[in-house]
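See below for the structure under consideration.
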Amino acid sequence: MADTLKPIVCPACGKTMEKVFIPSQGINIDICTEGCGGIFFDNREFDKFDEKNEDISAIIAKIEGKTFSKPNESMTRVCPNCGAKMVKNHSSVKQQIEIDECYTCGGKFLDNSELIKIREEYENNEERDEDILRYVYQKVGRQLAEQERKYSEIGTHDKTYVRKFFDVLTRHRS
Ligand SMILES: [Zn+2]
Ligand SMILES: [Zn+2]
């Protein structure tokens with residue numbers, strides 16, 4: 001989605017958001033400076049700010065030390081860019097931070113302290129991705145152990161397909 005200059009309304013509190021130019025990226029980010037301090041990122045913009053080594057000083061300058069209104073957490077948020085209903089998702093498998101995402105245009109909305117918290121979760125996106133793999137491995141691993149226990153009860157020595165899959169995936173480790 002192209003960076004747009006049309007003013008948008010904060011999905012959390014309804015105030016008009018301020019366009020903040022980010023010189024290092026040459027793009028505008030929408031920040032709710034008059035209301036709740038929330039930040040809206042157009043499709044793919046968020047990727048430029050979610051890692052610790054990426055510069056967010058222009059964003060911080062707008063929100064640091066300010067008092068913002070408390071947004072209504074329970075209300076369904078509507079994407080200020082395209083009008084679709086936004087969906088709440090955890091920022092990572094740590095499941096501590098929830099952000100609003102628009103599946104139609106790819107926009108993301110973060111409450112004012114969330115950007116900083118998300119950047120603190122991992123050193124970089126490689127770590128974030130590895131954590132997803134670890135999480136899936138543990139989840140599936142538990143089910144696998146249960147399934148194999150049942151297999152052994154009925155006395156079969158066949159490997160389950162999932163076990164074969166994991167054997168292939170982890171061959172270099174064992
Ligand atoms: Zn707001
Ligand atoms: Zn949208």
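Laboratory data are not the source of any read-out in this text; all were calculated from the coordinates shown. Just so it is clear, the model here is predicted, and its values are computed rather than measured. Here the Cβ positions follow ideal geometry from the backbone for every residue, glycine too, while neighbour counts run over all protein chains shown.
A few remarks follow.
- HN-Hα J in Hz across region 104-112 - Karplus 6.51, -1.76, 1.60, θ = phi - 60°, x for Gly and Pro: 7, 10, x, x, 9, 10, 10, 5, 4
- 3J(HN,Hα) along region 81-93, derived from phi through the Karplus expression 6.51 cos²θ - 1.76 cosθ + 1.60 where θ = phi - 60°, amounts to 8, 10, x, 6, 5, 8, 10, 7, 9, 6, 6, 7, 6 Hz, with x in place of Gly and Pro.
- FRET efficiency for the pair V162 and T104, taken as 1/(1 + (r/R0)^6) with r the Cβ-Cβ distance and R0 = 41 Å, rounds to 0.75.
- Residues whose amide H falls under 5 Å from that of C79, counting only those 5 or more places apart or on a different chain, are A84, K85, M86, with hydrogens built in the peptide plane.
- Couplings 3J(HN,Hα) for region 58-72, derived from phi with the Karplus relation 6.51 cos²θ - 1.76 cosθ + 1.60 (θ = phi - 60°), are 5, 6, 4, 4, 7, 10, 5, x, 9, 9, 10, 5, 8, x, 6 Hz, where x marks Gly and Pro.
- Around the amide H of T16, modelled in the peptide plane, lie the amide H atoms of C10, all under 5 Å away and 5 or more residues distant in sequence or on another chain.
- Note on the chain: dipole from Cβ charges, positive end direction compared against V87, F109, Q138; the farthest Cα belongs to Q138.
- The GluC sites (Glu not before Pro) found in region 1-70 that occupy coil by DSSP, while having at most 12 further C-beta atoms within 10 Å, are E64.
- Measuring against 28 Å, Cα to Cα, the residue pairs K88/K159; K94/K150; K6/K94; K139/K159; K6/K48; K48/K139 contain K88/K159; K94/K150; K6/K94; K48/K139 as the ones spanning a longer distance.
- Cα-centred dipole magnitude for the chain, charges only on beta-carbon of K, R (+1) and D, E (-1), debye, nearest 20: 560
- At full extension, N125 and M75 could sit 15.0 nm farther apart than now, given 0.36 nm per residue minus the alpha carbon distance.
- Available extension along the chain between Q96 and L169 is 23.4 nm, counting 0.36 nm per residue and deducting the alpha carbon span.
- Where chymotrypsin sites (Phe, Trp or Tyr not before Pro) fall in DSSP loop in region 87-174, at most 14 other Cβ within 10 Å: Y103
- Estimated 222 nm signal from helices in the chain, with DSSP H stretches of n ≥ 4 weighted -39500 (n - 2.57), rounded to 500: -9500 deg cm²/dmol
- Amide hydrogen neighbours beyond the local backbone of G107, cut-off 5 Å, H modeled: N43, C102
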